[in-house]
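Everything below concerns the one structure shown next.
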Amino acid sequence: MLFQIPAAAHEPRELTCAVLQIVALLDMFQAELARVLHLKCGDVGELASARRCLEPDTEAWGQALLFVRFYRALYARMKGNGVAMRHWLRVEDTALGGVPHLLIIDAGRLQDVVMYLENSLPESDRQG
């Protein structure tokens, strides 16, 4: 089982660490995180090496908060089963109209995937 990421962090270091942990837990690449956060690969490299943190009130900050919501909703839906989480991310989902991983990385549809996952959860598990 994978571990749960705490609800949206409010400190730059916490949020930066959370998104880097999610990338590792879901077997994603830092270059993919750069696309999610709308940053350059070098920027993510600086985040990963702890030379800098995400900055509040930026587009990357907002995307990072959404990325944490995505992970938390996926975790809840799959009850923490890491294999199921990684599998769901990489197979066609007809309701979404594509492979979630590609929709997030290539099509910029992180918001759509988050809404889909959150709407599929029981009310008590939704983050909102």
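The values are calculated or read from the model by the stated rules, or taken from the named source; none is laboratory data. Remember, it's a predicted structure, so these values are computed and weren't measured experimentally. Backbone-built Cβ (ideal geometry, glycine too); neighbour counts: all protein chains shown. Please note that ligands, DNA and RNA were not included when accessible areas were found on the heavy atoms of the full protein model with its side chains. Shrake-Rupley method; radii C 1.70, N 1.55, O 1.52, S 1.80 Å.
Of note:
- Of all residues making up segment 53-88, the number that are open to solvent by 60 Å² or more (accessible area, probe 1.4 Å) and touching a Pro at 6+ places or on another chain (Cβ under 7 Å): 2
- Qualifying residue in segment 120-128 (condition: assigned to a helix (DSSP H, G or I) and either polar (S, T, N, Q) or under 23 Å from ASP27 (Cβ atoms) (or both)): yes
- Search result, residues across segment 42-52 that are of a type in the set (D, E, K, R) and open to solvent by less than 60 Å² (accessible area, probe 1.4 Å): ASP43
- Within segment 60-88, the residues that satisfy the criterion of being part of a helix (DSSP H, G or I) and either without any contact (Cβ under 8 Å) to a residue 40 or more places away in the chain or farther than 17 Å from GLN4 by Cα (or both) are ALA60, TRP61, GLY62, GLN63, VAL83, ALA84, HIS87, TRP88.
- Residue that is nearest to LEU37 (Cα to Cα) [pool: residues in segment 89-106 that are open to solvent by 60 Å² or more (accessible area, probe 1.4 Å) and either out of contact with any helix residue (DSSP H, G or I) (no Cβ under 9 Å at 6 or more places or on another chain) or part of a loop (DSSP other than H, G, I, E, B) (or both)]: ASP106
- Test: residue in segment 111-127 that is surrounded by 18 or more Cβ atoms within 10 Å (Cβ to Cβ) and among the basic types (Lys, Arg): no
- Segment 1-41, subset more than 15 Å from VAL68 (Cβ to Cβ) and of a type in the set (D, E, K, R), residue least open to solvent (accessible area, probe 1.4 Å): GLU32
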